[in-house]
Amino acid sequence: METITAKTPWAPFMVDVPMHLNYFEGSMFDAVQRIAEQYPNNVAFDFMGRSTTYRQMIREIERCAKALKTIGVREGDKVTIAMPNCPQAIYMFYAVNLVGGIANMIHPLSAEKEIEFYLNESESVTAITLDQFYHKFESIRENTKVVNIIIASVKDALSRPVRAGYMLTEGRKIKKIPKEAPVIRWKEFMRLADHCFYNYKVKRQSEDPAVILYSGGTTGTTKGILLTNKNFNALGQQIIAANPIFRPGDKMLSAMPLFHGFGLGVCIHSMLSQGGRCILIPRFTPKSYAKDLVKYRCNFIAGVPTLYEALLRLPTMDKADLSCLKGVFSGGDSLSIELKKKLDKFLAEHGATIQVREGYGTTETVTACCLTPLSKAKEGSIGIPLPDVYMKIVEPGTDRELPYGEEGEILLAGPTVMKEYMKHPEETAQTLRHHADGLTWVYTGDLGIMDEEGFIFFRGRAKRMIISSGYNVYPAQIENILDAHEKVQMSCVIGVPDSYKMQKVKAFVKPAANVPANDETKQELLDYCRKHIAKYAMPYDIEFREELPKTLVGKVAYRVLEEEELQKLKAAETEG
């Protein structure tokens, strides 16, 4: 059977979409600088009412790069960026690239032990975070090889009037950092650029490693995914090629976070490397999202289904004019047919001439590989491969391709495929496999079907995973943490359906011998979890059981617990 390639599916559905793209061969910084030379006075991004042009952005990136060189960051060094979507994060991301370093992107809300793991796994020499997260970094710093911690503050990126308001509200909640703390504050850091005059730019090739993102892969064990300059630059070109309605200067509402492939790849780099304008949202709330969408008259928005679910409920959107929208993209989780219908109706009622377009991707390929074309959608489909992306459906774990309409494992190949799982050669070999066609294929562990027109239909995850508010949560990781506690004999973690988050995390625990199953024990376990588990993955409840259900082979039957919770929800709805 012929492998479905970009050449086959895009031709009938898109106008002016090249079948093959000529990819930019420089670094990520080079790609952005090239655009800045074309559109120096265009706005690159807006942050809380303040606009920054491409010329200004490049100047700040270069200052940041000089400062990094001054503190000793060299080619190949890893720099951890634990930041929300804000100007300092953008400058640091591209500055690390400019000095030849590798940006290690992590969630700023990660628990202390997770941060320690990320710093050690990447062997980071420098880290940057916000003032409000300083204390977490300081408490684990001595267990890492980090030499310098740079502390930024949201207030430093604000205009004077907005800053005053921020300090009276959000700023007051931030715990003070001691004056003698062993950190470099952002303004002080940027002044270090004055001590660097030459040789701070390192020439990097497209195939050089540039970014580390984290994922559980197919096993649920956290691993660093090493991605190259080409992976990100190719994605930017593919996204724009699949959206010929895009024009330089078009505005993207950038609410998806920087440490996530969707946020960094689609909402930030694809825009900045192609002349777009990012509206940076540092902390997502449905209210702030809706406000900026209307205020800036955004042309493109990208998000997870939970974001759109929240948007539909907001009274402030009742009379919103959304005729400015050219593209609404959904990814990160399956978009239900019901929610898509509701969202399409909502868009039409508010003046938009387009419908939501679902996509699909994995962190192993930065993010999106597949997107619904502009002119044709199929109910329940996640679309067709982006230009130069190859997809096929095989018998799980094999290279035997299946006929159209038959369910199997989704495989991906193309210019955005990762370099490797860092320090995990065996898992890299399992996930990246070379086939007789000469391509390297990513075994996604996801199940799907392909029809005769090349449309893909997602059917489920072969791997055990919970998706909560668009974040991947791996039950095995949380179970390992719980099982390590002396008061726990055995645990099981499941996802419980939730109208807003899609799923929320619940833990079932069989206490160790002579441990009381009471509120005091529960509180102790929850406090312990907060130290080791990121906020978004925290169990909302722990339920004690004398015994956990088992399968015939003696494993904990998590599906039985899922079914029990589902029945409880149905019973509650019936009573309600």
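For this structure, a couple of remarks:
- Computed Kirkwood radius, in angstrom, where 1/r is averaged over Cα pairs of the range 447-576: 16.2
- What the Cβ-Cβ distance of Arg59 and Lys531 gives, at R0 = 30 Å and to the nearest 0.05, is a FRET efficiency of 0.15.
- By the compact-protein rule of thumb, 2.2 N^0.38 Å, the alpha-carbon radius of gyration of the range 259-367 corresponds to a ratio of 1.03.
- Heavy-atom accessible area, probed at 1.4 angstrom with all protein chains present, ranks Asp483, Asp446 as Asp483, Asp446, highest first.
- Cut-off 12 Å, label 7 Å out along Cα→Cβ of Arg459, residues of the range 370-406 by amide N: 393-396, 402-406
- The range 37-126, accessible surface, carbon-and-sulfur percent (1.4 angstrom probe): 43
- Computed [θ] at 222 nm, deg cm²/dmol, the chain (DSSP H ≥ 4; -39,500 (n - 2.57); rounded to nearest 500): -9000 deg cm²/dmol
- Once the chain from Asn41 to Lys550 is taken as fully extended at 0.36 nm per residue, the excess over their C-alpha distance is 176.9 nm.
- Largest accessible area first, the residues Ser153, Ser375 order themselves as Ser375, Ser153 under a 1.4 Å probe with ligands, DNA and RNA left out.
- For the range 340-407, the list of GluC sites (Glu not before Pro) that fall in a loop by DSSP and count at most 10 other C-beta atoms within 10 angstrom reads Glu379.
- Taking all protein chains into account, the per residue accessible area for the range 276-385 stands at 39 Å² (1.4 Å probe).
- 27 Å Cα-Cα threshold exceeded, pairs from Lys78/Lys535; Lys378/Lys568; Lys136/Lys179; Lys136/Lys506; Lys113/Lys187: Lys378/Lys568; Lys113/Lys187
- For the range 382-536, the spread of Cα positions along the three principal axes, ordered from largest to smallest, is 59, 37, 23 Å.
- Under the Debye formula (equal points on every Cα, no solvent term), log10 I(q)/I(0) of the range 407-455 at q = 0.15, 0.21, 0.28 Å⁻¹: -0.46, -0.82, -1.14
- For the range 185-287, alpha-carbon Rg and Dmax in angstrom: 16.7, 47
- Pair-distance distribution of the chain: all C-alpha pairs, bin width 10 Å, starting at 0; shares per bin in whole percent are 3, 17, 27, 28, 18, 6, 1, 0.
- Model label sites at Asp344 and Lys291, defined 7 Å from Cα along the beta-carbon direction, differ in position by 3.3 nm.
- Beta bridges per DSSP, both residues in the chain: antiparallel share near 60 percent.
The values are calculated or read from the model by the stated rules, or taken from the named source; none is laboratory data. Since the structure is predicted, the reported quantities are computational estimates derived from the model, not experimental observations. So basically every Cβ, Gly included, is an ideal-geometry build from the backbone, and we count neighbours across all protein chains shown. Keep in mind that these areas ignore ligands, DNA and RNA; they rest on the heavy atoms of the full protein, side chains included. Shrake-Rupley method; radii C 1.70, N 1.55, O 1.52, S 1.80 Å.
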